[in-house]
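Chemist: Mind having a look at this structure? Questions to follow.
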Amino acid sequence: MKRVTLVLTLAFAAGLSAQAANAQTLKTIKDRGSLSCGVSQGLPGFSSPDDKGNWTGLDVDVCRAIAAAIFNDPTKVKYVPTSAKDRFTALQSGEIDLLSRNTTWTISRDTSLGANFTGVTYYDGQGFMVKKSLKVNSALELNSASVCVQTGTTTEQNLADYFRANNMKYEVIAFGTNDETVKAYESGRCDVFTTDQSGLYANRLKLANPADHVVLPEIISKEPLGPMVRHGDDQWFDIVKWTLFAMVTAEELGLNAKNIDEKAKSDNPELKRVLGTDGNFGEQLGLTKDWVVRIVKHVGNYGEVFDKNVGTGSPLGIARGLNSLWNKGGLQYAPPIR
């Protein structure tokens, strides 16, 4: 019996040692004084810098929310622009702590890159944009079209599947970066531009005459977009995952940047757990009791972030659709904080 107890004790100790050895990301970030966040090279609504180098967007606000949870300061983020081709290498090498860059969650990426997706920040799907002058109303009218795509994305395979399934011919014209792809489309090197539909609306804003272009109605794929972290640090995986869950939960409970301080005084049991006046859920993540308060006060709930970056309060004007809360006909759903 003593031998069994000793073996179990040693095994438990070994497990704790391994866990401690792997849980280094948060410590590294705290020692560095900032979060290193991989973003796009410029996609309006998701991650793009202004002329002064200030980054904004839905993906950027995920980074800001994590920094707020850790430092109580959403500005403690270093944004690292990454191409579609190089984004995973930047994460694998440790150049960035987190990839928050309109990246589709697929089985191959989830199993072969040494990284984990932490949730879905935007439910998307691939679509097509054409010039209105082509007088095309449906993707099914694109037989023999030339199509501009960006390499290193899921776009090319989806494109091939769709055209093959509908017995249509097409020509791929591929480019290494998003900006190259957009410029090629605008200059007339191809008939069609394809990417995630949110990206089509975002890139249309970059065109000289956005009103001359139309996004076709067809959605040809599922593109759940979300952040990624490296394998091997479950604590960091939990922090990034639960930051998103906290933003969704805050929207569901009606918590926002304006009322969060007042709500923190509530005697409601669920609010007390979420806002840190009851329980030690923040400490279980390696954060503080008021981690959710920090996130909502500095960045906002999921609905606020969606609306100002890509929704009706933004130039993109995208409807919530699938990105509505689960109790409002959408897919955004967070496990309970309890």
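Chemist: Need at least 1 residues that are crowded, with 18+ Cβ neighbours inside 10 Å and of a type in the set (Val, Ile, Thr) per element, so show me which helices (runs of 4 or more DSSP H) inside region 155-263 make the cut, counting only ones lying wholly within it.
Modeler: 155-165, 178-187, 234-252, 260-263
Chemist: Which residue is nearest to residue 64 (Cα to Cα), if the candidates are limited to region 264-305 and must be assigned to a helix (DSSP H, G or I) and of a type in the set (Asp, Glu)?
Modeler: Residue satisfying both the conditions and the ranking: 304.
Chemist: Could you say whether any residue in region 146-153 is modelled with pLDDT of 95 or more, in a strand (DSSP E or B), open to solvent by less than 20 Å² (accessible area, probe 1.4 Å) and not β-branched (Val, Ile, Thr)?
Modeler: Among the residues of region 146-153, at least one is modelled with pLDDT of 95 or more, in a strand (DSSP E or B), open to solvent by less than 20 Å² (accessible area, probe 1.4 Å) and not β-branched (Val, Ile, Thr), which makes the answer yes.
Chemist: Out of the residues in region 113-142 that are of a type in the set (S, T, N, Q) and assigned to a strand (DSSP E or B), which is surrounded by the most Cβ atoms within 10 Å (Cβ to Cβ)?
Modeler: The residue in question is 126.
Chemist: Given the conditions (1) hydrophobic (A, V, I, L, M, F, W, C); (2) free of Cβ contacts under 8 Å to residues at least 24 places away in the same chain; (3) in contact with a helix residue (DSSP H, G or I) (Cβ under 6 Å, 6 or more places away or on another chain), which single one is not true for residue 299?
Modeler: (2)
Chemist: Confirm whether residue 293 is in contact with a Ser or Thr (Cβ under 7 Å, 6 or more places away or on another chain), buried (at least 17 other Cβ atoms within 10 Å of the Cβ) and among the aliphatic types (A, V, I, L, M).
Modeler: no
Chemist: Would you say residue 268 is open to solvent by 30 Å² or more (accessible area, probe 1.4 Å), closer than 29 Å to residue 100 by Cα and of a type outside the set (Lys, Arg)? Explain how you work it out, then say what you get.
Modeler: Details: open to solvent by 30 Å² or more (accessible area, probe 1.4 Å): yes; closer than 29 Å to residue 100 by Cα: no; of a type outside the set (Lys, Arg): yes.
Here the answer is no, as residue 268 does not meet what is asked.
Chemist: Working only within region 86-112, note down all residues that are open to solvent by less than 40 Å² (accessible area, probe 1.4 Å), farther than 19 Å from residue 245 by Cβ and hydroxyl-bearing (Ser, Thr, Tyr).
Modeler: Filtering region 86-112 down to residues open to solvent by less than 40 Å² (accessible area, probe 1.4 Å) leaves 87-88, 90-91, 94, 96-104, 106, 109.
In the following step, the residues that additionally are farther than 19 Å from residue 245 by Cβ were identified as 87-88, 90-91, 94, 96, 101-102, 104, 106, 109.
The answer is 104, 106.
Chemist: Of everything in region 43-83 that's more than 14 Å from the chain's Cα centre (by Cα) and in contact (Cβ under 8 Å) with a residue 60 or more places away in the chain, which residue is most open to solvent (accessible area, probe 1.4 Å)?
Modeler: Top of the filtered list is 72.
Chemist: Right, something else. Could you check, for region 304-316, whether at least one of its residues is touching a residue at least 24 places away in the same chain (Cβ under 8 Å), out of contact with any Gly (no Cβ under 7 Å at 6 or more places or on another chain) and hydroxyl-bearing (Ser, Thr, Tyr)? Full working, then the answer.
Modeler: From region 304-316, those touching a residue at least 24 places away in the same chain (Cβ under 8 Å) are 304-306, 309-310, 314-316; that's our starting set.
Those still in the list that are out of contact with any Gly (no Cβ under 7 Å at 6 or more places or on another chain) too: 304-306, 315.
Adding the requirement that they be hydroxyl-bearing (Ser, Thr, Tyr) leaves none.
Checked against the condition, which is being touching a residue at least 24 places away in the same chain (Cβ under 8 Å), out of contact with any Gly (no Cβ under 7 Å at 6 or more places or on another chain) and hydroxyl-bearing (Ser, Thr, Tyr), region 304-316 yields no hits at all.
The values are calculated or read from the model by the stated rules, or taken from the named source; none is laboratory data. Note that the coordinates shown come from a computational prediction; the quantities given were computed from them, not determined experimentally. As a convention, Cβ positions derive from the backbone with ideal geometry for all residues, glycine included, and neighbour counts pool all protein chains shown. Ligands, DNA and RNA are excluded from the accessible area calculation, which covers all protein heavy atoms including side chains. Shrake-Rupley method; radii C 1.70, N 1.55, O 1.52, S 1.80 Å.
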